[in-house]
Each structure stands twice: as C-alpha cells, then as structure tokens.
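Just below is one structure, and these are the notes that go with it.
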Amino acid sequence: MDKIDIENIDLNNSYFHFTEKENLTSIQEKGLIAQIGDASELVEDKPRVCLSLGGKGILGIKNSFIHKFKNLRVCDIPDGYRKYFNIADFNSTELINTEEIYIAMEKRFKNEVYLIVDAKEGEDFLPEEIHGFASDFDIKGKENHNIPPNKISILTTSKGNSALNVIQYIYNRLLTKNPGKENLIKNMNSDLSEMLDYINQRDKRTISMKNVVSKAIRDGISLEDLEHSNVRDEKEGEISKDE
C-alpha cells in the first residue's frame, strides 16, 4: 500500500478513514469492507465505510468520540475498545473516569492509522448521506458498499504514521495558521483539546523528571536519596499550605 505525506495533499478536500494497524494487511488485499465497526457501534449505524472530509473532519470525529466516551457508562464501552482501558470490571454502571478515557484513547490512536481514500460522490457515498457521526465533515459511505485497495493509501507525517501523529499535526497546524483564534479552535474541539493538553503536560513532567534523575546521577546522588528528598519537599509543601 502506498504512503502519502500529509504535507503533499489537499488537506481540506481529501477523504480519510481510520483503522487499527492490524487491519492493514487485509485492507491491502481486499480493500475497505463495509461493516459495523467498533466506532459505528456507538451510533448503531449500518454496514458501511465511513469517511472524514478534510482535517476538520478528522479532528471533529475524534472530538466527538472523546465526548461520547465521557458520557458513557463502563458497561457500555464497545468490545473493540475495552482492551485499551485499564478496567477490571466492565459490568459497572458508573461513568468512565475522564483520565482513564484520555489514556485509553491515546493508546487507541497510537494503534490506528489514517488512510487517504480516493472517494467519489455518487460512487462511494451519496450526497444526501454526507452528515455522519458529528458534522457535515463526516461522510457516511453507501450502505454495504466496499472500497477497493487501489483507491487507498496510508497517510504519514514526519513524526510517524499513527492516527495520533496525524491528529497532533493537524491540530498544531490549525493553531499555527490561525493566530489570535487559538481559543476558538480549542473551544470547537474542546474534548480533544483537553486530551492533547493532558498528554502534553504529562510528557513535560516525564521529561522534567528524567532531567532531574540524570542530573542527580551525574552529581553522584543515589535515586533512593533523591526519592527521600522529593518526599520531604512534598511534606514541607503541605505544611506551608496549612500555615
């Protein structure tokens, strides 16, 4: 299957489909088969190949998934998504913890790729069924209609070809190209934005801790002494707050 760099396409007018990486061999041989996938279970859709139009479609559908999960009970998590959640009992009727959703979606997005599809209106989807899961950027493919392998390529970025790489590229590009509208863009993609902020802040803390540990090792400080120091600092911080 050919690979296409995201910087070499018309990002606003291309059609995309996401899938887990383990499906690529089958897709290369058989193409995209119309079915009710894991994502489609959330909206009780019919067998079809769903598409996203442009970068806004990619961000919009992921934002909608995260929002959907935030209002989902643990027991209602689709089977195909459960392997990404660190949950022992899927019989619970409690809402899913937000941080657990972010962690699970990050794992899922890292295990997905985006395919760029040479889709044609009337051939692969009908104009009256353009509105899909979340907006007019979501395309419902024709019911029971398959898309052959010769119309499909893998979308890549300079950082990698996972769906998370693609999402981060499009999101950051949108922010960069629209100075002064950052808050508007974040509000339009609020659930996705919060998840990406969570990942960024966590990664910064991880890098900071690695730097602290590396410096401690260079200075001849044992990790045990460093840990004791951190615990002491945290306790002193709690005391100063009480005062």
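The values are calculated or read from the model by the stated rules, or taken from the named source; none is laboratory data. None of these values were measured; they are calculated from a predicted model. Methodologically, a virtual Cβ is constructed for each residue, glycine included, from the backbone with ideal geometry; neighbour enumeration extends over all protein chains shown.
For the condition crowded, with 20+ Cβ neighbours inside 10 Å, of a type outside the set (D, E) and closer than 20 Å to K70 by Cα, what is the one hit in I199, I147, I167?
So the residue among I199, I147, I167 that is crowded, with 20+ Cβ neighbours inside 10 Å, of a type outside the set (D, E) and closer than 20 Å to K70 by Cα is I167.
I'd like to know if the range 14-24 contains one or more residues that are of a type in the set (S, T, Y) and modelled with pLDDT under 95.
Residues of the range 14-24 that are of a type in the set (S, T, Y), as a first pass: 14-15, 19.
If we keep only those that are modelled with pLDDT under 95 too, we end up with none.
For the range 14-24, residues of a type in the set (S, T, Y) and modelled with pLDDT under 95: absent.
Output the qualifying pairs, or none if there are none: Cβ atoms under 7 angstrom, residues six or more apart or on different chains, first residue in the range 183-200 and in the same structural domain as K107 (by TED's automatic domain parsing), second residue not in a helix (DSSP H, G or I).
Note: pairs meeting the criteria are I185/N178.
With respect to S162, determine if the residue is touching a Cys at 6+ places or on another chain (Cβ under 8 Å) and at pLDDT 95 or above. Please lay out each step first, then the result.
Working: touching a Cys at 6+ places or on another chain (Cβ under 8 Å): no; at pLDDT 95 or above: yes.
Taking the combined requirement at face value, the residue does not satisfy it.
Evaluate the range 88-101: report whether one residue or more is assigned by TED's automatic domain parsing to the domain that holds T19, at pLDDT below 95 and touching a strand residue (DSSP E or B) at 6+ places or on another chain (Cβ under 6 Å).
We begin by selecting, within the range 88-101, every residue assigned by TED's automatic domain parsing to the domain that holds T19; these are 88-101.
Filter again for at pLDDT below 95, leaving 88-89.
If we keep only those that are touching a strand residue (DSSP E or B) at 6+ places or on another chain (Cβ under 6 Å) too, we end up with none.
No, the range 88-101 has no match at all.
Just one of the numbered conditions (1) surrounded by 11 or more Cβ atoms within 10 Å (Cβ to Cβ); (2) more than 25 Å from K68 (Cα to Cα); (3) at pLDDT below 95 is not true of S240; which one?
Only one criterion is unmet by S240, namely (1).
Given the criteria buried (at least 18 other Cβ atoms within 10 Å of the Cβ), within 14 Å of the chain's Cα centre (by Cα) and farther than 26 Å from E143 by Cα, does I101 qualify?
On the way: buried (at least 18 other Cβ atoms within 10 Å of the Cβ): yes; within 14 Å of the chain's Cα centre (by Cα): yes; farther than 26 Å from E143 by Cα: yes.
Yes.
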